[in-house]
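*Asks:* First, the structure itself, so that you have it in front of you.
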Amino acid sequence: MIKLYRTFILIISLLLSGYSYATELRGTGDLGLVIERADGSVLILDHSKQTVLHRVTGLGDLSHASAVYSRDARYAYIFGRDGGLSKIDILTGTLVKRIIQSGNSIGGAISQDGQYVAVSNYTPGGVNIFSAETLEPVLSLPSESKTVGLVDAPRHQFIVSLFDKGEIWQIDLTDVKSPNVTKYTEIGKKPYDALMSANGRYYIAGLFGEDGLALLDLWQDKPTVSKILPSYGKGEKKLPVYKMPHLEGWALAGDYAFVPAVGQHAVLVIDTKTWKEVKRIPVHGQPVFVMAQPDERQVWVNFAIPNNDTIQVIDVPKLDIKHEMKVGKAVLHMEFTPRGEHVWLSVRDEDQLAIYDTHTLKELKRLPAKKPSGIFFTSRAHRIGL
């Protein structure tokens, strides 16, 4: 009888253990992270429940950090300004591994098949490529130049710009033991950042040393680089620029690109069929990020100092400002939930995350965060050029 009782207790314990394990299982589709730039940490977020799940510390200098996700969106790779590359398990909220791969890095990307993580470097320059699983080095492509605007592209490629040399490199990793690097030279003076269109066709590099941008069309049989938007950039106007807008903050909505005008209080509307400017929308200040909701109906704009407490919303069909709101001091970044019903905003100087309803344009909630900057949701993990 005692033996039977013990067996019964053991079975119940195993069943309860299995039930407990099952209740802990979850997907990653509504998870994300926010960079806490001053503390070298990140917060793991649940944007469905609008809560913070974990804080992961010990990530070094995150003053200009960015992130990408693994193919299954379980792991996040954090690119720190101090040359650090960190792999985080966002389900457990733990640091899996951290390496220092250079003296100063500026961003990175993950390959189409999820096998490789690439990092662009200021010091000593070049691109380093690692195994996404182990962070062991796979390939080093040195250059006598700062590398910027590194993105992933279809067909197992990375694209990167060389600031000092005025070049774009197309890196084909179909055979990682024998990579094919195509170099486009004399593309313009000092490319400082770049973006990849969501369909993987266009790579566009901003030029700090002259007006205009450099466009690489990857759908051409023999791709070439052309100049577009000759009125865009610093160039000879010598306008005071408080913060250079990030090109990955462009909004591609419908047939238009909504582009922050460098040093001007305007958003440029560009026809993506011709790459010609069709309108300038006056805005509150110098725009930094100009981001489209997932349904592309609205475009949200934040600004450089001294106007960085404000958000404006552009109505895409009308090509005009629809709404303006005061959010708080130093709104640095925005990220939309997958269906676009909510937007999360980092309010750095108030140590907060603000959540807004994109339909009513009303604030829903605030969460504490230590000097938050970039926000990255897993729902955008597989978009080209994240």
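*Asks:* Checking Ile281 against (1) modelled with pLDDT of 95 or more; (2) under 18 Å from Gln352 (Cα atoms), which test does it fail?
*Replies:* Ile281 satisfies all of (1) modelled with pLDDT of 95 or more; (2) under 18 Å from Gln352 (Cα atoms) except (2).
*Asks:* Just to be sure I understand the filter: pairs with C-beta atoms under 6 Å, separated by 6 or more residues or on different chains, first member in the range 297-326 and part of a strand (DSSP E or B), second member of a type in the set (Asp, Glu). Which pairs pass?
*Replies:* Partner pairs satisfying both residue conditions: Gln312/Glu324; Lys322/Asp315; Lys326/Asp309.
*Asks:* State whether the residues of the range 38-58 include one that is out of contact with any helix residue (DSSP H, G or I) (no Cβ under 9 Å at 6 or more places or on another chain), over 24 Å from Ala354 (Cα atoms), modelled with pLDDT of 90 or more and not in a strand (DSSP E or B).
*Replies:* Yes, the range 38-58 contains at least one residue that is out of contact with any helix residue (DSSP H, G or I) (no Cβ under 9 Å at 6 or more places or on another chain), over 24 Å from Ala354 (Cα atoms), modelled with pLDDT of 90 or more and not in a strand (DSSP E or B).
*Asks:* Looking only at residues that are among the aliphatic types (A, V, I, L, M) and touching a helix residue (DSSP H, G or I) at 6+ places or on another chain (Cβ under 7 Å) in the range 163-213, which one is surrounded by the fewest Cβ atoms within 10 Å (Cβ to Cβ)?
*Replies:* Here the answer is Leu195.
Every residue, every condition in (1) closer than 17 Å to Phe130 by Cα; (2) at pLDDT 95 or above; (3) among the basic types (Lys, Arg), yes or no:
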| position | (1), (2), (3) |
| --- | --- |
| Gly60 | no, yes, no |
| Ser66 | yes, no, no |
| Tyr75 | yes, yes, no |
| Ile78 | yes, yes, no |
| Leu85 | yes, yes, no |
| Ile88 | yes, yes, no |
| Thr94 | no, yes, no |
| Arg98 | yes, yes, yes |
| Gly103 | yes, no, no |
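*Asks:* Looking at Leu91, Leu25, Leu85, Leu53, which one is surrounded by 22 or more Cβ atoms within 10 Å (Cβ to Cβ) and either under 23 Å from Tyr122 (Cβ atoms) or not aromatic (Phe, Trp, Tyr) (or both)?
*Replies:* Leu85
*Asks:* Restricted to the range 151-196, and to residues that are in contact with a strand residue (DSSP E or B) (Cβ under 6 Å, 6 or more places away or on another chain) and of a type in the set (Gly, Ala, Ser), which residue is modelled with the lowest pLDDT?
*Replies:* Per the criteria, the residue is Ala194.
*Asks:* Okay, next question. Between Gly254, Gly285, Gly263, Gly328, which is of a type in the set (Gly, Ala, Ser), more than 18 Å from the chain's Cα centre (by Cα) and surrounded by fewer than 15 Cβ atoms within 10 Å (Cβ to Cβ)?
*Replies:* The conditions single out Gly254.
*Asks:* Further question on the same structure: Provide a single number: the residues in the range 59-78 that are aliphatic (A, V, I, L, M), touching a residue at least 60 places away in the same chain (Cβ under 8 Å), touching a Ser or Thr at 6+ places or on another chain (Cβ under 8 Å) and not in a loop (DSSP other than H, G, I, E, B).
*Replies:* 1
The values are calculated or read from the model by the stated rules, or taken from the named source; none is laboratory data. A quick note: this is a predicted structure, and the numbers were derived from the prediction, not measured. When we count neighbours, we look across all protein chains shown, and the Cβ atoms used for this are built from the backbone with ideal geometry, even at glycine.
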